[in-house]
Amino acid sequence: MTPSFDFGMIGIGVMGSNLLLNMADSGFAVIGFDLKQERADALEAAAPPGTTVKGVVDIVELVQGLKKPRKIMMLVPAGKAVDSVIENLLPHLEDGDILIDGGNSFFRDTLQRINYLQDKGIHFFGMGVSGGEMGARFGPSMMPGGDAEAWQYLRPVLEAIAAKSDGVPCVAYMGNGAAGHYVKMVHNGIEYAMMQLIAEAYDLLRRGGGATNEELHGTFAAWDKGQLQSFLVEVTAEVFKTQDPETGAYLVDLIVDQAGSKGTGKWTSQVAMDLPVSIPTIDMAVAMRDLSANRDQRVKAAKLYGKKTGVIELTEEFRADLENALAFCFTIAYAQGLSQLAKASDELSMNIPLPAVIQVWKAGCIIRSALLGNFTKAFGREAKLPNLLLDADIAGILKNREASLRRILITGIGAGIPLAAFASSVSYYDAYCSDRLPVNLIQAQRDYFGAHTYQRTDKEGVFHTEWHADSQS
């Protein structure tokens, strides 16, 4: 086959096919491989008139049909499937070819693959893709990281198909090594936190205040026009007005209260602890999903303790406070995730450009929101800002909403509504903004029972005290 295609895809399910069709719309000739002939046929059938799109079931045909350096993206399940595809491809690749893993692979696995393929002359990219199947078709947010030398070949294609915010593509080089998958992992951790916060707000309004689904739809739709404008608030409003075609009931009321997880949120928390960096709102979002899975135990505990939810009066003041509280906590969730990226960028030598990360998240992705505009300004003032809370303008925004959050917590906790993510957010805020924390006592305890030593406020050095002897004197 004469090499005539600009980009290849392995795995042409909904996401893979939509990305290829998006590229074809932008004038690129694309070819997709799948083990199933029906998927190859479906890809070609979906091609818009005047575009060049081919589906194949022979991986050699895919490789031979691509212009050099070959650009091949894999959209297969993370783990062994990625390694299997790599091994099947390797005999047919040449020096300078570029492989992209577009799935949610763990960043350390990506780093191993980069090192493995580098010795064979193959450039490997780990790339986070956000936006779902519609984003893939009409403009995703993409987070590629890997060999900077190969980025020049990917850039024209990816910028053409990416979502745009104020005319700027929501794709950028995220740094070297496994930076792309690391940024996507943290993106997903922030997503966990925002979803948990929205769920807690829903619990306050529905279980505490007795709001109907119609009222909930109106509340979230109104919020989506103001400071909380975001993809997640928008889709939440849509959820509340969706009815089950079989029963006529609102669908959200028929869904079992057990949340699933694909692991990226858990990875975010685990890796943050290794750095270490504090991201308690994200941690709590992961923990609450885990707790939700124990539904049988929760049902038994509810009967055992006979807990009853107090009544919350849904005044205009309460609703305004809740809107402000959500904005406060969303900002904290972003701050925690971005602080993890800042720390990881240095500790793992990935050179992640945080201003570019903000731009990439502005459109096409799940965590896009109006709040990101404030963050752009913050990183414009200090590109290496270690934490958003250190920016004066962000501080002003949080201080203006702080009282609302505290009132919501008092009311909600008083009514017996679990507000784990809200409470974690304010505790993080209070701790980060404290010039003194009570961990001096913890250091004393550690030295008492384990001789772990401590430092002093009045002089330099490392000290240990024989606490037992002092207590006996």
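Every number here is computed from the coordinates shown, using simple stated rules; none is lab data. Just so we're clear, the structure is a prediction, and the values are computed from it rather than from any experiment. Don't worry about glycine lacking a Cβ; one is built from the backbone with ideal geometry, like all the others, and counts go over all protein chains shown.
General remarks:
- Label-to-label distance, nm, for residues given as K241 and S261 (7 Å Cα→Cβ offset): 3.3
- Placing R0 at 22 angstrom, the Cβ-Cβ distance between T2 and E44 gives a FRET efficiency of 0.75 after rounding to 0.05.
- The local environment of D34, defined by Cβ-Cβ distances under 15 Å, has a net charge of -2 under the rule Lys, Arg +1 and Asp, Glu -1.
- The trypsin sites (Lys or Arg not before Pro) of the stretch 203-255 meeting both criteria, a DSSP state outside H, G, I, E and B (loop) and at most 16 other C-beta atoms within 10 angstrom of the site's C-beta, are K225.
- Residues of the stretch 427-445 falling in the label zone of I410, defined by backbone nitrogen less than 18 Å from a point 7 Å along Cα to beta-carbon, are 427, 430.
- Among A342, A327, T453 the positive-end extreme of the charge dipole of the chain (Cβ point charges): T453
- Once the C-beta distance of V168 and E382 is scaled by a Förster radius of 22 Å, the resulting FRET efficiency is 0.60 to the nearest 0.05.
- C-alpha center-to-center spacing [the stretch 419-453, the stretch 90-156] in angstrom: 40
- The gain in end-to-end length when the E460 to R446 segment is fully stretched comes to 3.1 nm, 0.36 nm per residue minus the alpha carbon separation.
- Counting beta carbons within 10 Å around each of C365, C433, C329 and listing the fewest first gives the order C433, C365, C329.
- Sorting the segments 389-400, 350-361 by their residues' average number of neighbouring beta-carbon atoms within 10 angstrom, most packed first, yields 350-361, 389-400.
- Charge dipole magnitude, Cβ of K and R +1, D and E -1 - the chain, Cα centre, debye nearest 20: 420
- Links that overshoot a 29 Å alpha carbon limit, given the list K225/K308; K308/K399; K80/K362; K71/K362: K225/K308; K308/K399; K80/K362
- Between the stretch 21-70 and the stretch 227-256, the alpha-carbon center distance in angstrom: 36
- A cut-off under 15 angstrom between Cβ atoms defines the neighbours of L251, and their net charge, with Lys, Arg +1 and Asp, Glu -1, is -4.
- Mean separation of Cα contacts under 8 Å, 6 or more apart, over the residue count of the chain: relative contact order %: 13
- Distance-filtered residues of the stretch 5-20 - backbone nitrogen under 13 Å, label point 7 angstrom along H92 Cα→Cβ: 8-11
- Near-label residues of the stretch 435-451 by backbone N, under 19 Å of a point 7 Å along Cα→Cβ of L390: 435-437
- Each of (1) 74, 56, 50; (2) 60, 52, 46; (3) 86, 66, 46 is a candidate for Cα extents along the principal axes in Å; the one calculated from this structure is (3).
- Ordering F379, F125 from the fewest to the most neighbouring beta carbons within 10 Å gives F379, F125.
- In plain terms, the residue of Y192, Y173, Y202, Y448 with the fewest other Cβ atoms within 10 Å comes first and the most crowded comes last, giving Y448, Y202, Y173, Y192.
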